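A.B. asks: Right, I'll just put the structure down here and ask away after.
The values are calculated or read from the model by the stated rules, or taken from the named source; none is laboratory data. Please read all numbers here as calculations on a predicted model, not as lab measurements. Please note: Cβ atoms are built from the backbone with ideal geometry, for glycine as well, and neighbour counts cover all protein chains shown.
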Amino acid sequence: MTLQSHQVTPALQINSAIALTSEQKHYLCNVLRLEIGAEFIALDRQGGWWLAKLSSDADIAEIMAKLENNSELTAHISLGIAMPKGSNIESVIRQTTELGIRQIVPLFSDRTIIKSGTEIGNQKRDRWQRIAEEASELSMRTYIPEVKTPQTLAAWLDDLAKEPSPTLKYICATHPDAPHLLTSLQKEEHGGQIIMATGCEGGWTAREEEWAIAAGFIPVSLGDRVLSAVTAPVVALSIVSAFLDAR
């Protein structure tokens with residue numbers, strides 16, 4: 001059983017105590033139905049797992065021990081996703097979080113229904129972040145992915161140009177001569193970071209693919225079948241996750 005990592009202070013150590021908020025107490029006692037003296041795993045947002053025990057008054061959790069864990073991927077994976085229609089991005093956030101994503105960047109593209117300049121309120125972005133937090137807890141992640149504020153593809157590519165290399169960057173495309181993502185992963189050294197870009201309904205336009213390639217992205221295929229805008233990022237992350245776990 002886990003205490004949501006966003007609810008736990010990072011400054012944890014053995015024989016210390018967590019002063020539980022009313023929200024934490026409700027979650028542990030009423031949702032997880034833990035009793036006094038029950039043990040659970042506290043996550044500290046910094047990759048740490050801690051064995052904790054609910055104290056006699058249920059307002060304090062005692063830290064009993066530091067636990068070893070290897071639930072995270074060996075590379076930092078970021079996903080730039082051209083926003084699919086409706087609320088479908090919520091499903092993508094949930095499933096890619098379970099697969100080990102560390103950062104999700106919703107993108108405006110030439111073919112997104114929501115166009116650049118449309119204001120995405122903090123309430124919606126906060127909802128996306130909560131979905132990532134809940135999925136992290138359910139999948140026993142030690143890190144909560146960051147869901148960034150939506151931006152244009154061009155702005156995202158400009159930001160990436162400022163980041164240090166080496167970083168593997170892939171854009172999922174429909175080029176008939178594009179290598180399969182798995183084949184490309186097997187040939188390249190990832191250097192600790194992999195960035196993926198997947199399109200919305202209709203995929204990327206030719207000029208968007210040209211921008212990405214000019215920014216160092218490698219066009220890759222996800223197979224011979226045409227995948228939806230919701231399925232493609234999940235398949236891409238599944239391939240990356242399986243590749244890294246098998247190394």
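A.B. asks: In segment 67-84, which residue that is among the hydroxyl-bearing types (Ser, Thr, Tyr) and out of contact with any helix residue (DSSP H, G or I) (no Cβ under 6 Å at 6 or more places or on another chain) is farthest from Leu138 (Cα to Cα)?
C.D. replies: Ser78
A.B. asks: Okay, next question. Scan segment 81-113 for residues that are of a type in the set (Lys, Arg), within 17 Å of Leu227 (Cβ to Cβ) and out of contact with any strand residue (DSSP E or B) (no Cβ under 9 Å at 6 or more places or on another chain) and report the count.
C.D. replies: Of the residues in segment 81-113, 1 are of a type in the set (Lys, Arg), within 17 Å of Leu227 (Cβ to Cβ) and out of contact with any strand residue (DSSP E or B) (no Cβ under 9 Å at 6 or more places or on another chain).
A.B. asks: Part of a helix (DSSP H, G or I), out of contact with any Phe, Trp or Tyr (no Cβ under 6 Å at 6 or more places or on another chain), surrounded by fewer than 14 Cβ atoms within 10 Å (Cβ to Cβ) and modelled with pLDDT of 70 or more - does that describe any residue in segment 1-23?
C.D. replies: Taking every residue of segment 1-23 in turn, at least one turns out to be part of a helix (DSSP H, G or I), out of contact with any Phe, Trp or Tyr (no Cβ under 6 Å at 6 or more places or on another chain), surrounded by fewer than 14 Cβ atoms within 10 Å (Cβ to Cβ) and modelled with pLDDT of 70 or more.
Table: residues versus (1) surrounded by fewer than 19 Cβ atoms within 10 Å (Cβ to Cβ); (2) of a type outside the set (Gly, Ala, Ser).
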residue: Ser87; (1), (2): yes, no
residue: Ile93; (1), (2): no, yes
residue: Ile104; (1), (2): no, yes
residue: Phe108; (1), (2): no, yes
residue: Arg125; (1), (2): yes, yes
residue: Pro150; (1), (2): no, yes
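A.B. asks: OK, next. Which count do you get for residues in segment 85-127 that are closer than 23 Å to Ala236 by Cα and either touching a helix residue (DSSP H, G or I) at 6+ places or on another chain (Cβ under 9 Å) or among the β-branched types (Val, Ile, Thr) (or both)?
C.D. replies: Qualifying residue count, segment 85-127: 23.
A.B. asks: Checking Lys169 against (1) farther than 30 Å from Ser139 by Cα; (2) among the charged types (D, E, K, R); (3) under 17 Å from the mean Cα position of the chain (by Cα), only one condition comes out false. Which one?
C.D. replies: The single condition Lys169 does not satisfy is (1).
A.B. asks: Identify, by number, the condition in (1) in contact with a His (Cβ under 9 Å, 6 or more places away or on another chain); (2) in contact (Cβ under 8 Å) with a residue 40 or more places away in the chain that Glu209 doesn't meet.
C.D. replies: Among (1) in contact with a His (Cβ under 9 Å, 6 or more places away or on another chain); (2) in contact (Cβ under 8 Å) with a residue 40 or more places away in the chain, the lone unmet condition for Glu209 is (2).
A.B. asks: Another question about this same structure. Listed residues Arg102, Arg45, Arg33; which is of a type in the set (D, E, K, R) and modelled with pLDDT of 90 or more?
C.D. replies: Answer to the check: Arg102.
A.B. asks: When you check Thr167 against the structure, is it in contact with a strand residue (DSSP E or B) (Cβ under 6 Å, 6 or more places away or on another chain), surrounded by fewer than 18 Cβ atoms within 10 Å (Cβ to Cβ), modelled with pLDDT under 95 and of a type in the set (S, T, N, Q), yes or no?
C.D. replies: yes
A.B. asks: So which of Thr198, Thr205 is farther than 23 Å from Phe243 by Cα and among the polar types (S, T, N, Q)?
C.D. replies: One residue alone meets the criteria, Thr205.
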